[in-house]
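All remarks here apply to the structure that follows.
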Amino acid sequence: MQYFSASFYHIRWRNLLRIVACTYRYFTFRVWLYGWLFITLFVLHHVLSLFFRLMDEVFHRGYKKVKLHKPVFIIACPRSGTTFLHRLLALDEERFAYTKNAHTFFMTSSFVQFYELARWIDRRILRGTIRNIINKLDGMFWGGWDDIHPMGFNKAEEDELVFAQQLCSPGIYLPFPFFHLNGASRFLDDEPKEFRQKVMDFYESCLQRFMYRAGKDKTYLAKNVMSTARMRSLLEKFPDAQIICIVRHPYQAVPSMVNMFTLMYDKNNKQAAACTREWTSYAIRFFRYHNTMRKQIAPSQFYLLRYDDLIRNPADAVLSIYRHFGWSISEPYQKRLAEACSGADKYRSAHQYSLRDMGYTEESLYEELSDVMSELGFGMRGG
C-alpha cells in the first residue's frame, strides 16, 4: 500500500542501506563516524521536513495551483562558474525567485514563511543577533569551502538537497569513498521512467511550495551542476524550461570537480583511489552528455556560455543571456549588476589541480573527449 504520493514523500532507501553496508564492509573509524553522523542528520532532517510539508497541507494548500512558467536552470560540469553566474542573475530580484542555502534544507512554503518571520524579528527586535550567530555558524560549517565553493545560510545556493534528501544525488557520497560501488542514482536520465517521474514529482512539489511564498509571480532560477545528468527529466517535467550551460576546458574542469568531490576522503583508505577514478569518469560523461543533449533542445531554450567569457567580462556574459532569451533588463538590475561585476574580471583561481592525480594526462583525456572538445572549440593544449 502506498501511504504517500511521491510528490509528498519519496526516498530511495536502498542507497542508504548500501552506504551502511559498505561502511561496515570497508570499516575505518573515520568513515564509520561519518556514517553515524549522516544517518543522525538524515533522520532529524526528515522529521523536520515532514513537519513543514504537513504544515503546507494545512495552511498553504494553494501551492498546488502554482504554475512554474519557463523556469531557468544553470548547469555545467561542476567548478565551471555556475555559482558566480547564479548569484549575478539572482540580483535581478524583480524577475527571479531563487533558493538561499537555508531554503534548500526545507523547500516548503511554511519554512519560507518561518524564515521570513525570523528575519523580521531579528531586524526589528533582536537588532541583528540572529544574523551574527548565523555568520559565525557559516564560518564553522562552510569556512573550509571558501576557496572552492563559497557557502553560507543566507547565500544563493543550488537546490541539490532536494535530490539528496531523496537519496538520489551523487552528493551523498561526499563523505564516503563508495561511489564506485553503487551504479544507481548517478544519471537520473538512465533510470526507468516510473522512477524518474517519482523523483521529478517530488522536485516539482518542492518548487511549487517554495514559489508559493517566495514569489509565485516570478521565474524560478536554479543553479544545479548535478542536474546535467537530469536534463531530459527536467525537460519532460518542465517542457518550456530555459537552460544555460557553462562550458570550461576539461583540462581544468575535470580535475577541479574530482578534487571537490573527493576532498573529504582519507587518501589512505583502500577504496579512495578507485572512487577517485570513478568520479573522473563521471566528470568526463558530464561533458559528453550535455553536448549530446544541447543538440536535442530547441535553440530558443538553450544558451551555451564559455567559462572564459564569463570570467573575462561577466556583465557582457549576463547581457548576452538576456538578449538570447529576450528578457528585458531593468535599470535597478543594471546598476546592481555593474556593481557586482566591478573588479570581477581580475579574479584568478589560486588552485591548480593535476590530471595525473586522477590517473589521466592531457593526451589521454583528449583521446576520450576529442570530438566533444572539437565541437566546443577547445584545443588539445588547453586555453
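No lab work stands behind these numbers, since they all come straight from the coordinates. Because the structure is a prediction, the values reported are computed rather than measured. Cβ placement follows ideal geometry from the backbone for every residue including glycine, while neighbour counts extend to all protein chains displayed.
Starting from the Cα gyration tensor of the range 1-125, take the square roots of the eigenvalues, sort them a ≥ b ≥ c, and report rounded, prolate or oblate (rounded when a/c is under 1.5, otherwise prolate if a/b is larger than b/c, else oblate). Prolate is the answer for the range 1-125, as a/c is 1.5 or above and a/b outweighs b/c. Using only alpha-carbon positions in the range 201-302, the gyration tensor eigenvalues give semi-axes of 31, 19, 12 Å once each is multiplied by 5 and square-rooted (largest first). GNM remark for the chain: springs join alpha carbons under 10 Å apart, and the peak mean-square fluctuation among T99, T82, T361 falls on T361. Placing unit charges on each Cβ (+1 for Lys and Arg, -1 for Asp and Glu) gives the range 13-376 a dipole about its Cα centre, and among Y353, P314, F238 the Cα reaching farthest toward its positive end belongs to F238.
Rg ratio for the range 30-69: its Cα radius of gyration over 2.2 N^0.38 Å, N being its residue count, equals 1.78. Relative to its residue count, the chain spans a Cα convex hull of 153 Å³ per residue.
The GNM of the chain, with springs linking C-alpha atoms under 10 angstrom apart, assigns the highest mean-square fluctuation among R87, R196, R323 to R323.
Note on the range 247-326 and the range 163-183: Cα centroid distance 19 Å, given to the nearest whole angstrom. Result for the chain in a Gaussian network model with C-alpha springs under 10 Å: among L17, L85, L355, the largest mean-square fluctuation is at L17.
Which Cα, out of L44, N268, F302, lies furthest along the positive dipole direction of the range 13-376 (beta carbon charges, K/R +1, D/E -1)? Result: L44, furthest along the dipole toward the positive end.
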